[in-house]
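To start, the structure under review is shown below, and the notes come after it.
Since every read-out is calculated from the coordinates, none of them should be taken as a lab result. Because the structure is a prediction, the values reported are computed rather than measured. Here the Cβ positions follow ideal geometry from the backbone for every residue, glycine too, while neighbour counts run over all protein chains shown.
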Amino acid sequence: MHAPSPRRLGELAAHVGGELVGDAGLLIMGLNGLAEASPGELSFYGNPRYRRQYEASRASAVLVGPEADAREGVSLVRVANPHLAFARISSLFHPRPSHAAGVRPGAHVHPEARVHPEATVMAGATVDKNASVGARAVLFPGAYVGEGASVGEDSLLYPNVTVREHCVVGARVILHASCVVGADGFGFAFNPEGDNGPEHYKVPQAGIVRIEDDVEIGACTCIDRATIGETVIGRGTKIDNLVQIAHNVKVGPLSLICAQAGVSGSAEVGMGVVLAGQVGVVGHIRVGDMAKVGAQSGVAHDVEDGQVVSGSPAVPHREWLRMSAALGQLGDLLKEVRTLRRRVETLEKKEKGG
């Protein structure tokens, strides 16, 4: 990876529409965290919990919110959202790598596949019969696009990604290494009288997965194809590593699903939902628009729009906080109950004896 080209701070402030307080001609060599930054680097401060790191940072310039205190000798760029501004500036320093267009030697492209001349298919990648790959899409070694599947323009399929037959991947989608789009859903019907005794009879998984535009899916995540119809991941949704999305799930646009979460079959996850790490959602329920589910929660019932829930089974977050606080007192409460029980028994014996 090439070292980024330095840029003037005034240029960076203009790029994010920030208010510059300091030296517009300051040369910024790169970006770094508050604690790790060195002179010549730009950092960002957007969370009060990092105040000490901000006050001690050696960064030459910092992206800050409108209310942040000034620091002597440090140039500031005031913006509404320092984290977003940092991301936009980081994209200037670290643009998406370019790849020469064309099908490389060692790639496997079926004669009846359609690969745009501006797409890149690297050695070891496979594009099967009647599949299509859009302009500027990049397939890394080991990527597989199955029969009749489609990959939209500007999408990235990193090594060993699988897009199985007839599944649809939209534009500007990023599929990280070894994620699988379109594996069979986990569908079986119990047959007590099979030819060789009782069996779990496989239900054909005849549907597809549809990944809408601007979705990013992490490494080793699995999105199962529908039994009938579609499993859908909505526009702009971001899914972390090691996530399981089951058959016929519908995930709305702009949702965030963190690592090791799992969503069971036919569940609906609304728009702008956040599922934190290791959340489990049972099948055939709805998590409403803009809802948030705390880490390691088990969601067994519908969650209303905008609701924040935690725990297993998941309950409103404030109720879960009270329950968690009470849990630490259970030992003392148990001792107190035992003591009171003994006193009551003693009093009862005295009354009977009297």
Which trypsin sites (Lys or Arg not before Pro) from the range 98-159 combine a DSSP loop assignment with at most 16 other Cβ atoms within 10 Å?
LYS129
Radius 14 Å from Cβ of PRO66, net charge of other residues (Lys, Arg +1; Asp, Glu -1):
-2
Using only helices, what value at 222 nm comes out for the chain when you add -39,500 (n - 2.57) per DSSP H run of length 4 or more and divide by the total residues, to the nearest 500 deg cm²/dmol?
-5500 deg cm²/dmol
What share of the DSSP beta bridges in the range 152-209 is antiparallel, in percent to the nearest 5?
45
For the range 18-102, average projected area of the Cα convex hull in nm²:
6.5
Using the Kirkwood radius over Cα pairs of the range 143-301, the Stokes-Einstein translational diffusion coefficient at 10 °C and 1.306 mPa s, in µm²/s and rounded to a whole number, is 102
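Tell me which GluC sites (Glu not before Pro) from the range 1-83 have a DSSP coil assignment and no more than 10 other beta carbons within 10 Å of their own.
Numbers: sites: GLU11, GLU19, GLU36, GLU41, GLU55, GLU67, GLU72; in loops: GLU36, GLU67, GLU72.
Passing both the DSSP loop test and the Cβ count: GLU67, GLU72.
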Binned at 10 Å starting from 0, the alpha-carbon pair-distance distribution of the range 70-122 in whole percents comes out as 18, 26, 17, 17, 13, 7, 1
List, largest first, the extents of the alpha carbons of the range 129-168 along their principal axes, each in whole Å.
20, 19, 13
P(r) weight above 19 Å for the range 105-173, C-alpha pairs, percent
11
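Give, rounded to the nearest 20 debye, the magnitude of the charge dipole that the range 1-137 has about its Cα centre when Lys and Arg contribute +1 at Cβ and Asp and Glu contribute -1 at Cβ.
On the way: 14 positive and 12 negative charges, 60 e Å.
The dipole of the range 1-137 has a size of about 280 debye.
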GluC sites (Glu not before Pro) within the range 106-195, DSSP loop, no more than 12 other Cβ atoms inside 10 Å
GLU112, GLU193
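Local charge sum around ARG338 (other residues, Cβ-Cβ under 13 Å, Lys/Arg +1, Asp/Glu -1)?
Values: positive: LYS335, ARG341, ARG342, ARG343; negative: ASP332, GLU336, GLU345.
Charge balance near ARG338 sits at +1.
With +1 on the Cβ of every Lys and Arg and -1 on the Cβ of every Asp and Glu, and nothing else charged, how large is the dipole of the chain about its Cα centre, in debye rounded to the nearest 20?
Once rounded to the nearest 20, the dipole reads 1180 debye.
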Take every Cα-Cα distance within the range 113-231, group them into 10 Å bins from 0 onward, and report for each bin the whole-number percent of pairs it holds.
16, 44, 23, 11, 6, 1
With label points set 7 Å from each Cα along the Cα-to-Cβ direction at GLU319 and SER90, the distance between them in nm comes to 3.8
State, as an integer percentage, the relative contact order of the chain based on alpha-carbon contacts under 8 Å between residues 6 or more apart.
6
